[in-house]
Amino acid sequence: MPPANRHEPKRAKSSTSDYSVTEFLREFPDDAACLEHLWRSRYSPDGEHAECPKCERERVFKRYATAQGRQSWTCTGCGHHVHPTAGTIFHKSSTSLRLWFHAVYLMTSTRCGISAKQLERELGVHYKTAWRMFNRIRNELMADDDKPLSGDVEVDETGVHGRPRGPKMTKKEAAAWRERQVSVLGMVERGGRVKLRVIESRRGEPLSGPVRANVDPDSILITDDWMAYKPLAQEFAGHRIINHSGGFYVDGDIHTNTIEGFFGNTKPGVRGVYRHVSVKWLQSYLDEYAWRYNERHRDGRSMFHSLLDRAAQ
Ligand SMILES: [Zn+2]
């Protein structure tokens, strides 16, 4: 076997990352490379020609060095400036583009996300800055779309709280306590996308409302036998129920194994988050988990580039 070329490192097959840090550092060595990327992907595929909104036609654009280090390209026909960061989360940020790109990279290079504390260490920014960057990336780039789920849709809910504290409760009290806790509602298309919602209660409207809002009425709902799902039956094309309380978990294709498998993989992470952040922020973390899952069907494009594309929209 020939010796490995250390200038062209090969990724181990077992690696979960589809874009290595070496590749990132090579593609985006500095602020200028990041700005150039935005300019080309948003306005000018060849880096020189772009549609000028003032001239209303294609023009040659040049980047002039200015004393203020202005981040814009100028139309050679009319002098109009185009700012490649305008309308993106990077615009007018006091944090450099390079750090933003690095934060996007770090968020997409680990399987279960990265904490603001780790970002603070890796990028050498203040904790508050790191936290704000993550928050914007989650809320604006990983936010859920409005497209309802369709086909066979498994729905289930799960608690994110720990055990109740204080004096021992009766079974009935414990059940009532559980229902008062914040839960996560998960809805997943078989072979497709997932949507997650923080719900205030496992009963009535707080549970059924998000199902109505996020699942197409032509879908077949698949749930366990929790009574709060029953009223939904007549609003969807079908409702299949697996009788969990009777000890049944799979009956042909009636099961909720997809959503339960998803919960099993993400719950340790979500629980950890829940202990450290308020309910107010929980939804944005859920969106991050859902985004990761929904990104698994990318055609060869790395998760990093996919998120960067969204930032450049
Ligand atoms: Zn012009």
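At-a-glance table
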read-out: Hey, Ala33 aliphatic (A, V, I, L, M) and in contact with a strand residue (DSSP E or B) (Cβ under 6 Å, 6 or more places away or on another chain) or not; value: no
read-out: Close pairs (6 angstrom Cβ cut-off, 6 or more residues apart or separate chains): more than 17 Å from Trp226 (Cβ to Cβ) in the stretch 163-184, assigned to a helix (DSSP H, G or I) anywhere; value: Pro164/Trp177
read-out: Residue among Asp287, Asp251, Asp218, Asp225 that is surrounded by fewer than 17 Cβ atoms within 10 Å (Cβ to Cβ) and either of a type in the set (Lys, Arg) or within 18 Å of Arg193 (Cβ to Cβ) (or both); value: Asp218
read-out: Asp144 vs. criteria in contact with a strand residue (DSSP E or B) (Cβ under 9 Å, 6 or more places away or on another chain), surrounded by 13 or more Cβ atoms within 10 Å (Cβ to Cβ) and at pLDDT below 90; value: yes
read-out: Single residue of the stretch 66-101 satisfying the filter (among the aliphatic types (A, V, I, L, M) and closer than 14 Å to Asp31 by Cβ) that is nearest to the ligand (Cβ to nearest atom); value: Leu97
read-out: Tally of residues being outside any helix (DSSP H, G or I) and either farther than 21 Å from Val279 by Cβ or of a type in the set (Lys, Arg) (or both) across the stretch 156-183; value: 6
read-out: Condition met for Val250 (among the aliphatic types (A, V, I, L, M) and under 28 Å from the mean Cα position of the chain (by Cα)); value: no
read-out: Filter result (within 18 Å of Leu185 (Cα to Cα), over 28 Å from the mean Cα position of the chain (by Cα) and of a type outside the set (D, E, K, R)) within the stretch 233-247; value: Ala233, His239, Ile241, Ile242, His244
read-out: Among (1) crowded, with 19+ Cβ neighbours inside 10 Å; (2) farther than 24 Å from Ser284 by Cα, the one test that Pro210 misses; value: (2)
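The values are calculated or read from the model by the stated rules, or taken from the named source; none is laboratory data. Keep in mind that this is a model prediction, so the values were computed, not measured. No Cβ is skipped: glycine too gets one built from the backbone with ideal geometry, and neighbour counts run over all protein chains shown.
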